[in-house]
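Notes to accompany the following structure.
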Amino acid sequence: MRQNSLVFWRTMVSENLPKEFLARLKAVTAKRAGIVIAHILKHGHITTEELKEKYGYGHPPRAAKDVRDQGIPLETFRVKGTDGRTIAAYRFGDPSAVRRGFLGGRRAFSKGFKAALFAGSADRCQVCLQKYEERYLQIDHRVPYEVAGDVKFDERDAASYMLVCASCNRAKSWSCEHCPNWTKLKIVKTCQSCYWASPESYTHIAMQEARRLDLSWVGDETKTYDELRSRAESAREAMPKYVKRILRQAVGKK
């Protein structure tokens with residue numbers, strides 16, 4: 001990788017890139033992010049097809065995300081693949097949009113830090129509140145890394161992080177990645193008042209006027225769920241709609 005990268009650096013077309021931006025690109029040492037950067041420097045962009053076939057990355061968006069995790073702006077656009085179909089491609093974004101505090105990518109957390117978070121979580125995912133063994137819970141920034149980076153987070157400040165189960169982590173990632181604050185605004189306070197950062201006290205979900213309740217039925221409780229589902233089917237209603245209706249009735253709403 002280093003030899004190929006050096007060749008790319010010598011042959012890249014960089015007349016239109018600021019020296020500060022080039023220096024920032026060159027400072028990236030992470031392997032996958034470095035490969036993507038070097039390819040874009042030489043060819044102007046990299047396609048999902050190239051990421052898969054030339055570099056063997058089965059999930060191209062993850063490789064692009066590695067670059068963004070370094071604080072390097074990337075734009076996604078569409079091109080024609082070798083089979084004529086439209087595919088995604090990536091190129092550098094506005095050099096002035098480089099984000100400080102991201103160089104080096106995400107940092108690893110110590111086992112002791114996770115244990116401390118687990119001890120304060122009552123053994124539960126902090127979104128769905130379902131109980132899990134420690135190994136099934138994942139450390140996540142309350143304010144997404146893509147918005148604030150690690151620079152403002154101190155590992156000793158457990159309040160800046162949360163433990164979530166894999167299912168809630170996926171749901172959070174999808175919601176955040178489609179939020180304007182993630183894609184454009186990058187306002188930390190906006191994230192702090194979001195459900196995904198503070199499910200116990202929030203004013204919006206991904207900048208939408210919304211409220212969310214995650215429910216799980218475990219053990220003997222599954223009988224209650226099965227009964228609710230049976231009644232929903234009899235009423236020819238989707239389960240969420242049916243449950244909302246009976247909850248409205250319980251609080252005296254039509």
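The values are calculated or read from the model by the stated rules, or taken from the named source; none is laboratory data. This is a predicted model, so every value here is computed, not measured. Note that we place each Cβ from the backbone using ideal geometry, even for glycine, and neighbour counts take in every protein chain shown. Remember, those area values only see protein heavy atoms, side chains included, never the ligands or the DNA or RNA. Shrake-Rupley method; radii C 1.70, N 1.55, O 1.52, S 1.80 Å.
Just a few scattered comments:
- When a 1.4 Å probe is rolled over the protein heavy atoms, the share of accessible surface on the chain that falls to carbon and sulfur comes to 51 percent.
- Theoretical gain in end-to-end length, GLU177 to ALA115 [0.36 nm per residue, Cα-Cα removed]: 19.5 nm
- Over 27 Å between alpha carbons, listed pairs LYS31/LYS111; LYS19/LYS186; LYS111/LYS186; LYS52/LYS114: LYS111/LYS186; LYS52/LYS114
- Within a Gaussian network of the chain (alpha carbon springs, distance under 10 Å), most fluctuating of VAL28, VAL218, VAL164: VAL218
- Where N is the number of residues in the chain, Cα Rg divided by 2.2 N^0.38 Å: 1.25
- Nearest-20 debye value, the chain charge dipole, Cβ charges on Lys, Arg, Asp, Glu: 400 debye
- Residue ranking by accessible heavy-atom surface, 1.4 Å probe, largest first, among TYR55, TYR145 comes out as TYR55, TYR145.
- Residues considered: ARG62, ARG212, ARG32. Largest GNM mean-square fluctuation over the chain, using C-alpha springs under 10 Å, is found at ARG212.
- The distance between label points at LYS31 and ARG248 comes to 5.5 nm (points 7 Å beyond Cα on the Cα→Cβ vector).
- Gaussian network model of the chain, springs between alpha carbon atoms under 10 Å - residue of LYS244, LYS31, LYS19 with greatest fluctuation: LYS244
- Cα point-scatterer Debye curve for the range 106-207, base-10 log of I(q)/I(0) at q = 0.11, 0.14, 0.18 Å⁻¹: -0.30, -0.49, -0.83
- Our summary gives the range 175-248 a relative contact order of 17 percent, counting only alpha carbon pairs under 8 angstrom and 6 or more residues apart.
- All lysines inside 30 Å of LYS244 as judged from Cα atoms, apart from same-chain residues fewer than 8 positions distant: LYS131, LYS172, LYS223, LYS253, LYS254
- Computed E for SER96/ALA238 - FRET, C-beta separation, R0 35 angstrom, nearest 0.05: 0.15
- Accessible area ranking (1.4 Å probe, heavy atoms, ligands and nucleic acids excluded), largest first, for ILE187, ILE40, ILE139: ILE187, ILE139, ILE40.
- The chain - percent relative contact order, Cα under 8 Å, separation 6 or more: 11 percent
- The range 146-254 - Debye-derived log10 I(q)/I(0), Cα point model, q = 0.11, 0.17, 0.19 Å⁻¹: -0.52, -0.96, -1.07
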